[in-house]
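Chemist: Here's a structure for you.
The values are calculated or read from the model by the stated rules, or taken from the named source; none is laboratory data. If you're wondering where the values come from, they're calculated on a predicted model, not measured in any experiment. Cβ: placed from backbone, ideal geometry, glycine included. Neighbour counts: every protein chain shown.
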Amino acid sequence: MKEECKVDRDVPIAINPNTKSRWDGAIHPSFGRRLHHEVPSWVPDGSSFHIRIRVAPEYRGSLTDPEIGTKLLESAGYYHERQRWHATIFLLMPDHLHAILSFPAHESMSRVLGEWKRYQTKNIGIIWQENFFDHRLRNAAEANLKYDYIRRNPVVKNLCTNADDWPWYVAL
């Protein structure tokens, strides 16, 4: 018997017309399937992806611990500055993170994220779940929807009352 899938939010998210999208406008017909970490050749260079990375169940720390969270956000900014990825948003939750990232054509999404995770494991001691979730954002409306979903995640999970009060994110 199949189990029902549960959406990872408690309330519907509406597109915010005030969100300043950094979407480049590249749109490809929707194939309606999850990418398997290697970006297919038909996906336009510079496409954006919603990325979610979870800590392993045995990890007892919190990504929002002030010392850990500060290092993670600085590291995300460093990768952005060094053009390993372009980060539209990078948000930490206690046991996972959300990001909207795009990758240079010459970089493998899997390799870049794997190297970033290995660095955090070696230098901070975070134990990550194997792999990550990725979803290609196909148009500006979808990008804005995911951006708003990510910003509201701490509110939906009752970690703060207003998204603007959440300190553990950077929008670059």
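Chemist: Kindly indicate the residue of region 138-165 that is outside any helix (DSSP H, G or I) and at pLDDT below 95 and also nearest to Gly114 (Cα to Cα) among those meeting that condition.
Modeler: Arg138
Chemist: In contact with a helix residue (DSSP H, G or I) (Cβ under 6 Å, 6 or more places away or on another chain), surrounded by 15 or more Cβ atoms within 10 Å (Cβ to Cβ), of a type in the set (A, V, I, L, M, F, W, C) and modelled with pLDDT under 95: is that true of Trp85 in this structure?
Modeler: So Trp85 does not fit the description; no.
Chemist: Tell me yes or no: at least one residue of region 35-52 is within 14 Å of Ala99 (Cα to Cα), in a loop (DSSP other than H, G, I, E, B), among the hydrophobic types (A, V, I, L, M, F, W, C) and modelled with pLDDT of 95 or more.
Modeler: No, region 35-52 contains no residue that is within 14 Å of Ala99 (Cα to Cα), in a loop (DSSP other than H, G, I, E, B), among the hydrophobic types (A, V, I, L, M, F, W, C) and modelled with pLDDT of 95 or more.
Chemist: Tally the residues that are aliphatic (A, V, I, L, M) and either surrounded by fewer than 19 Cβ atoms within 10 Å (Cβ to Cβ) or modelled with pLDDT under 95 (or both), restricting the search to region 96-121.
Modeler: 3
Chemist: Being over 16 Å from the mean Cα position of the chain (by Cα) and aliphatic (A, V, I, L, M) is the filter here; which residues of region 97-123 pass it?
Modeler: Residue satisfying the conditions is Ala105 alone.
Chemist: Just to be sure before I move on: is Leu101 over 18 Å from Arg54 (Cα atoms) and outside any helix (DSSP H, G or I) in the structure I sent?
Modeler: No; evaluated as a whole, the condition is false for this residue.
Chemist: What number of residues in region 113-137 are touching a helix residue (DSSP H, G or I) at 6+ places or on another chain (Cβ under 9 Å), assigned to a helix (DSSP H, G or I) and under 19 Å from Ala171 (Cα atoms)?
Modeler: Count: 1.
Chemist: From Val155, Val170, Val112, Val55, grab the single residue that is in contact with an Asp or Glu (Cβ under 6 Å, 6 or more places away or on another chain) and of a type outside the set (Gly, Ala, Ser).
Modeler: Only one candidate passes the filter, namely Val55.
Chemist: What are the pairs, 6+ residues apart or on separate chains, where a residue within region 94-111 that is on the phi > 0 side of the Ramachandran plot has its Cβ under 9 Å from a residue that is charged (D, E, K, R)?
Modeler: Hits for this filter: zero, empty list.
Chemist: May I pose another question? Residue pairs, Cβ under 6 Å, 6 or more apart or interchain, first in region 73-84 and free of Cβ contacts under 8 Å to residues at least 40 places away in the same chain, second outside any helix (DSSP H, G or I). List them.
Modeler: Listed by first residue and then by second, the contacts come to Tyr79/Trp85.
Listed here are the residues, each with its yes/no results for (1) under 20 Å from Val43 (Cβ atoms); (2) in contact with a Leu (Cβ under 7 Å, 6 or more places away or on another chain); (3) surrounded by fewer than 19 Cβ atoms within 10 Å (Cβ to Cβ).
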site	(1), (2), (3)
Asn123	no, no, yes
Asp134	yes, yes, no
Leu137	yes, no, no
Ala143	yes, yes, no
Asp148	no, no, yes
Pro154	no, no, no
Asn158	no, no, yes
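Chemist: On the basis of being without any contact (Cβ under 8 Å) to a residue 12 or more places away in the chain, in a helix (DSSP H, G or I) and more than 12 Å from the chain's Cα centre (by Cα), does Arg60 make the cut?
Modeler: no
Chemist: Within region 63-82, work out how many residues are out of contact with any Phe, Trp or Tyr (no Cβ under 6 Å at 6 or more places or on another chain), buried (at least 16 other Cβ atoms within 10 Å of the Cβ) and part of a loop (DSSP other than H, G, I, E, B).
Modeler: Selection size over region 63-82: 1.
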